[in-house]
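What follows is a single structure, written as structure tokens, with notes after it.
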Amino acid sequence: MREAAFVKQNKAKWLKFENVLLNNEPRLSPDELSALYIEVTDHLSYAQTFYPDSKTAEYLNHLASQSHQKIYKAKRESSRRFITFFTEEFPLLFYNYQKQLLLAFSTFALFCIIGAYSAATDGAYVRTIMGDAYVNMTLENIGNEDPMAVYKQMNETEMFLGITVNNIKVALMAFVFGIIVSIGSLFFMMQNGVMLGSFQYFFYDKGLLWESARTIWIHGTIEISVIIVAGCAGIVLGNGILFPGTYTRLESFKRSMKNGLKIVASTIPFFIIAGFLEGFVTRHTEMPDWLALLIITTSLSLILFYYVIFPRILHKKKVNHKLYDQQ
């Protein structure tokens, strides 16, 4: 990008920042001022890379250095920061990544279908994917007329802790694999989709689709959903490397890494809920169908609201607020 075009594109933001800084604009909180500062320093990094000895780089460097101490001296971390991260900061951030979420979900769903079809056409496929030990154990449980007995073998607390820690590790893997220019995370979605599809077909083939689904999806609705969200975080990371935009590739990578980690952080409370359900609730296979369905539909509604609907509500509210301020 030519320097003149770069200045024209961002000049309004710099002037706004300078005006806010000098006049102590009361409408901006310290966090918002800090966010503006970070954007200006990103522009400084870009200018130093592409226009190292220019007036633009000199101006941005002066603006950034002048503001740093003032901002961070004034900024105090709110005691409510943990809450506002989940109720404001993250949903507004995640609004920008709905396409990546759709890509992760579509890849997972497609390979679920492929996994089920492969299991239907190849009798040995499930053993290849799930392993002989797991298949043999499940067949033994079916023979004992308790096909979901695998969820009753461990102590509730141990199972809850073990499953939760393992799921968080899986989410981190789905994210980190994104460093392979997003392909790694997509492969992770493919792999887990194939496993789920073949696993569900296995029970369908034994005439146990409903019993397996109403049991597994008690915890699986949240667990699978947030693994897909973690895959979305990996795609965000990979896209930061592939498509740097106006930033240097290194700066774009840093930004996408930070945003991806925020997405992964958002999944931790949900993994805790899923682990609790798997450890303490799923084992009760005798529960009535209506209760299992209530848990599943509530879980699905929670996920859809938090990751799809709520970000749009907050974004729309933010846009309307800006329009009101400009009037």
Being within 20 Å of S301 (Cα to Cα), within 17 Å of the chain's Cα centre (by Cα) and surrounded by 21 or more Cβ atoms within 10 Å (Cβ to Cβ), is that true of even one residue in segment 271-283? yes
Just checking, which of I273, I303, I309 is in a helix (DSSP H, G or I) and out of contact with any helix residue (DSSP H, G or I) (no Cβ under 8 Å at 6 or more places or on another chain)? I309
Suppose the filter is part of a helix (DSSP H, G or I), buried (at least 19 other Cβ atoms within 10 Å of the Cβ) and modelled with pLDDT under 95; does T138 pass it? yes
Test result for S67, assigned to a helix (DSSP H, G or I) and either modelled with pLDDT under 80 or under 30 Å from the mean Cα position of the chain (by Cα) (or both): yes
Considering segment 104-125 alone, what residues qualify as being over 19 Å from M257 (Cβ atoms) and buried (at least 17 other Cβ atoms within 10 Å of the Cβ)? F105, T107, F108, F111, C112, G115, A116, S118, A119, Y125
So G123 clears everything in (1) in a helix (DSSP H, G or I); (2) more than 24 Å from L237 (Cβ to Cβ) except one condition, right? Which one? (1)
Looking at segment 224-242, is at least one residue closer than 23 Å to L294 by Cα and small (G, A, S)? yes
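The values are calculated or read from the model by the stated rules, or taken from the named source; none is laboratory data. A quick note: this is a predicted structure, and the numbers were derived from the prediction, not measured. Heads up, the Cβs are rebuilt from the backbone with ideal geometry, glycines too, and the neighbour counts pull from every protein chain shown.
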